[in-house]
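The values are calculated or read from the model by the stated rules, or taken from the named source; none is laboratory data. Since this is a predicted model, take the numbers as computed values, not measurements. All Cβ positions, even for glycine, are placed from backbone atoms using ideal geometry, and neighbour counts span all protein chains on display. Ligands, DNA and RNA are stripped out before the accessible areas are found, and what is left, the full protein with its side chains, is counted by its heavy atoms. Shrake-Rupley method; radii C 1.70, N 1.55, O 1.52, S 1.80 Å.
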Amino acid sequence: MPGRAPRFVQTSHRGEGPSRAAQAPGIARAQLVCTSDVGEAREAFRRVYVDATLEPRRGTSFGCAMEVASFGTIRVVTGDWPGGGRAFVPAVGEQYILSLSAEGESAGDHAGEPFRVVPGRRGALFSPGRSCSLDVSGEFHGRTLVIDRGALDAHFTTLTGAALRGPIRFGTALDIEDGPGRTVHEVAQLFRRQIEQSWASPMLLAGLRGALFTSLLVHTRHSLSEVLDAPPPRVAPACVRKAEEYMAARAAEPITLADIVAAAGAPERSLRAAFVASRGVPPMDFLRWRRFELARRQLAEPSAGTSVAGVVAALGLGNPGRFSVDYKRRFGESPSETLSAGRAAAGLPRLRPRRRP
């Protein structure tokens, strides 16, 4: 490819991530295109953004590389444009799009609202059914999160209990340097980094996806912000008990906050307020501690192949180091001490420490 070669995050085709067969269930990664041919680039671009057109900049060497990492209803698209270009989408399809930049700037217009995408400072939010034009004047490395409309709309209903009659209309320009927009950016970056890892956990990604959806809805201004600004209605204590029973029965499964809300039969904001009032923590924190109790049981009653890292990954408990700190604070011993005692009680041999290369 002429000019500077496209740079990619971790993906399988370069040997930095897992093979397609080794990828975790529900996670898919693919290279869409890496070419200097305008026709190939246009076709790949249309696959991601329906009916979109793409034009290279005059007087520059054209290059385009695109990769996608998908997790159910959300995709992270990596787009590298060494020579820049222009794009136009006549009507964003049934999806919401969060556009960010890792390097380089872009500018454009979304249904009459101008925007700029600047690394670490400015992003843009595109809503369904509205046109969008984009102009990239030089080398650009974009990171775009594409969210199925149905998923975000359903999350809004889960959060508020209110049904939607049409798509949410977000303000296009997004300040990610400070204030609430910075939180949106940080959650989006955390989700992106996790989905790019070979050890990505579907259980953890499901939680991060929910956090991203909530962040977009509460930390940006949109056509239904006033619904979220209103105080949540109160719910009966029975809803809290239903949620607790559901979490206790399914703590080992990749359940989400939306699943808990559906089982409780109450809007998310109301259920959260009821949990904080009666249990001192929100529902997902309560679920996390349920999973800690399950992890302790699995470590105390191990099989031959049980390991701390394996239990942490299977239950979606995040960073093993942080898990160990929280585990010891809660149970008074480290997870490895629980496992050692469990192996001894079961008559299993001690695990040999790994040798450092």
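Overview of results
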{"item": "Kirkwood hydrodynamic radius (C-alpha pairs) into Stokes-Einstein, the chain, 25 °C and 0.890 mPa s, D in µm²/s", "result": "109 µm²/s"}
{"item": "THR338 accessible area, assembled protein chains, probe 1.4 Å, Å²", "result": "10 Å²"}
{"item": "Whole-number percent relative contact order across the range 279-352, with pairs defined as alpha carbons under 8 Å at least 6 apart", "result": "32 percent"}
{"item": "The range 158-307 shape via C-alpha gyration tensor axes, a/c threshold 1.5", "result": "oblate"}
{"item": "Alpha-carbon centroids, the range 279-357 and the range 127-160: separation in whole Å", "result": "38 Å"}
{"item": "Student exercise, the chain dipole from Lys, Arg, Asp, Glu Cβ charges, in Debye to nearest 20", "result": "1240 debye"}
{"item": "Area of SER307 that stays accessible when all protein chains are in place (1.4 Å probe, Å², to 10)", "result": "40 Å²"}
{"item": "Accessible surface, per residue, of the chain when the full set of protein chains is kept, probe 1.4 Å, Å²", "result": "49 Å²"}
{"item": "Contact order normalised by residue count of the range 18-123, Cα under 8 Å, 6+ apart, percent", "result": "21 percent"}
{"item": "Theoretical FRET efficiency, 1/(1+(r/R0)^6), r = Cβ-Cβ of HIS219 and ARG86, R0 51 Å, to 0.05", "result": "0.95"}
{"item": "Segment ALA151-ALA236, length gained on full extension (0.36 nm per residue, minus Cα span)", "result": "27.9 nm"}
{"item": "The range 232-357: radius of gyration and largest Cα-Cα distance (Dmax), Å", "result": "17.2, 58"}
{"item": "Net charge over other residues, Cβ less than 13 angstrom from the Cβ of ALA263 (K, R count +1; D, E count -1)", "result": "-2"}
{"item": "Mean separation of Cα contacts under 8 Å (6+ apart) over length of the chain, as relative contact order %", "result": "12 percent"}
{"item": "Residue among ILE195, LEU228, GLY166 farthest towards the positive dipole end of the chain, charges placed on Cβ", "result": "ILE195"}
{"item": "Gain in span if fully extended, GLU43 to ASP285, counting 0.36 nm per residue against the direct Cα distance", "result": "82.7 nm"}
{"item": "Theoretical ellipticity at 222 nm over the chain - DSSP helices of four or more residues, -39500 (n - 2.57) apiece, nearest 500", "result": "-12500 deg cm²/dmol"}
{"item": "Carbon + sulfur, % of accessible area of the range 134-223 - ligands and nucleic acids excluded, 1.4 Å", "result": "51 percent"}
{"item": "Förster radius 45 Å - calculated FRET efficiency between ARG58 and ARG322, Cβ distance, rounded to 0.05", "result": "0.30"}
{"item": "Local electrostatic count at THR183 - Lys and Arg +1, Asp and Glu -1, tallied over other residues with Cβ under 13 Å", "result": "-3"}
{"item": "Net charge of Cβ neighbours under 9 Å - reference PHE140; Lys, Arg +1; Asp, Glu -1", "result": "-4"}
{"item": "Potential extension, ALA28-ALA309 segment - 0.36 nm per residue separation minus Cα distance", "result": "98.9 nm"}
{"item": "Computed FRET value (nearest 0.05) for ASP178 with GLU245, which takes r as the C-beta separation and R₀ as 35 Å", "result": "0.25"}
